[in-house]
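K.L.:
I have a structure here, written as C-alpha cells, and I will follow up with some questions on it.
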Amino acid sequence: MWSLYALILGFGLDLLIGDPHSIPHPVVYIGKLIDWTEKGMRKIFPKTVRGENFAGAAIWLIVVTVSTGLPALFLWLAYGVNRFLGLALETVMCAQILATKSLRQESMKVYAALKTGDLEQARYAVSMIVGRDTQRLDEAGVTRAAVETVAENTSDGILAPMLFLAIGGAPLGFFYKAVNTMDSMLGYVEMPYKNVGLVPAKMDDVFNYIPARISAFLMLAAGTLLGLDGKNGWKIFKRDRYNHASPNSAQTESVCAGLLDLRLAGDAWYHGVLHKKKYIGDPLREIEASDIPRACRLLYVTAFLGLLVFGTVKFLILF
C-alpha cells in the first residue's frame, strides 16, 4: 500500500510544483548515464552494423540496471529507517517520474507565443518539446506539433509511467523512464544512431505497447466527459492508430485528432532530412492555437482517469 500512497501523493505533488528547474531531475542524470555509456560502448564494440547493434543492447542493459537498482536501494534504506521517510522519498520520486504539469506548462508557452503573434518564439518554444526541426514551421505547423506532442506524451510522459508506478512503485517507474529516455536520445533512423539505437527503440516499442493502448481508451473516455467528438475519436482511432512508424505513437494521437476534429501528423523534417509520414485524422476544421489548451484539458482529465483506474485496480488486488 505504501507505493500506492506514494503514487497518489506524487501525482498531487507533480500537479502542484511540476519540475522546478532549481531541483536536479533524475532524468537528467539518466541522460548523462546514457551519453557516458554510449561513448564507452562505441569504443568497445566494432564499428560494424552488428557491432553497433550489440553496443546498443549493452547500453540498454547497463542503463536500465542502474536506473532501476539505485532507486530501489535508496528506498530499501529509507523504508528500513522509517516508513514515513520511505513514503516521503518515494512520493518525491513519483512526482519526478510523472510530467503532467510540466507538459502542460511547456505546451502552453507555445500557445502564449502564438497568441502574441511571435512565430519565432513559438518555434523556439515548440522546439523544446518536439524532436523535429522547427525552423520551417508556419503557425499551423507549430500548433500541430504542440498538439501532437501533448497527445503522444499523455501516454509516454504520464499514463505509461503511472502504470509502471502502480505495478512496481518508483523503481519500476524509473525503469520505464530509462527505457523511454534511451529511445528519445538514441532511437533515430539516421546515422550515427541508426544501428546503436535499434535495441533501445525496439525495447521502447515493447514496453509501451500495452500502456499506449490503455492510454488511448482512457483518452477516449476523457474526451467524452469533456463533450468532445467521441464518435469521431473512436472512428479515427480504429482507422489511423497505426499511421506512424512506431506501433504506439499514433494510438493517442489518433484519438486526439478525432476528438478535436483535426488532421495531425504528415511529413516532417528531422536533422535536416524530410521524413514522409501518413496523416492522422480528417481536416474537419482548420487547426488553431486554441487547440493547444484543448489538448491540455484532455491531458489532465485523462491523467485523473488513469490514476483512478490504476489506483483502484491496485487497491482491489492488494485487498
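The values are calculated or read from the model by the stated rules, or taken from the named source; none is laboratory data. Computed from a predicted model, the values in this text were never measured in an experiment. Don't worry about glycine lacking a Cβ; one is built from the backbone with ideal geometry, like all the others, and counts go over all protein chains shown. All accessible areas refer to the heavy atoms of the entire protein, side chains included, with ligands and DNA or RNA removed. Shrake-Rupley method; radii C 1.70, N 1.55, O 1.52, S 1.80 Å.
Every residue, every condition in (1) touching a residue at least 60 places away in the same chain (Cβ under 8 Å); (2) under 26 Å from Phe310 (Cα atoms), yes or no:
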| residue | (1), (2) |
| --- | --- |
| Tyr188 | yes, no |
| Ile210 | no, yes |
| Leu225 | yes, yes |
| Leu228 | yes, yes |
| Lys238 | no, yes |
| Asn243 | no, no |
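K.L.:
Under 9 Å between Cβ atoms, which residue pairs at least 6 apart in sequence (or on different chains) link something in segment 37-55 that is on the phi < 0 side of the Ramachandran plot and open to solvent by 70 Å² or more (accessible area, probe 1.4 Å) with a partner that is among the hydrophobic types (A, V, I, L, M, F, W, C) and not in a helix (DSSP H, G or I)?
P.N.:
Within 9 Å, the pairs are Phe54/Phe45.
K.L.:
Quick check: is even one residue across segment 289-305 among the aliphatic types (A, V, I, L, M), farther than 25 Å from Phe11 by Cβ and in contact with an Asp or Glu (Cβ under 6 Å, 6 or more places away or on another chain)?
P.N.:
no
K.L.:
Something else: Scan segment 295-319 for residues that are of a type outside the set (A, V, I, L, M, F, W, C) and out of contact with any helix residue (DSSP H, G or I) (no Cβ under 8 Å at 6 or more places or on another chain) and jot them down.
P.N.:
Correct list: Arg297, Thr312.
K.L.:
Next question. Which one of Thr149, Thr143, Thr134, Thr154 is among the hydroxyl-bearing types (Ser, Thr, Tyr), open to solvent by less than 60 Å² (accessible area, probe 1.4 Å) and not in a helix (DSSP H, G or I)? Step through it out loud before you land on a result.
P.N.:
Numbers: Thr149 fails: not in a helix (DSSP H, G or I); Thr143 fails: not in a helix (DSSP H, G or I); Thr154 fails: not in a helix (DSSP H, G or I).
Within the list Thr149, Thr143, Thr134, Thr154, the selection yields Thr134.
K.L.:
I've got another one for you. Given the conditions (1) in contact (Cβ under 8 Å) with a residue 40 or more places away in the chain; (2) surrounded by 24 or more Cβ atoms within 10 Å (Cβ to Cβ), and given that Met203 satisfies all but one, which numbered condition is not satisfied?
P.N.:
The single condition Met203 does not satisfy is (2).
K.L.:
Going by the conditions given, is Asp291 exposed (fewer than 14 other Cβ atoms within 10 Å of the Cβ) and closer than 21 Å to Ala122 by Cβ?
P.N.:
Criteria not met by Asp291.
K.L.:
For segment 186-205, enumerate the residues that are of a type in the set (A, V, I, L, M, F, W, C), at pLDDT below 90 and under 21 Å from the mean Cα position of the chain (by Cα).
P.N.:
Val189
K.L.:
Do the conditions hold for His21, that is, is it open to solvent by 70 Å² or more (accessible area, probe 1.4 Å) and farther than 30 Å from Ile317 by Cβ?
P.N.:
It is true that His21 is open to solvent by 70 Å² or more (accessible area, probe 1.4 Å) and farther than 30 Å from Ile317 by Cβ.
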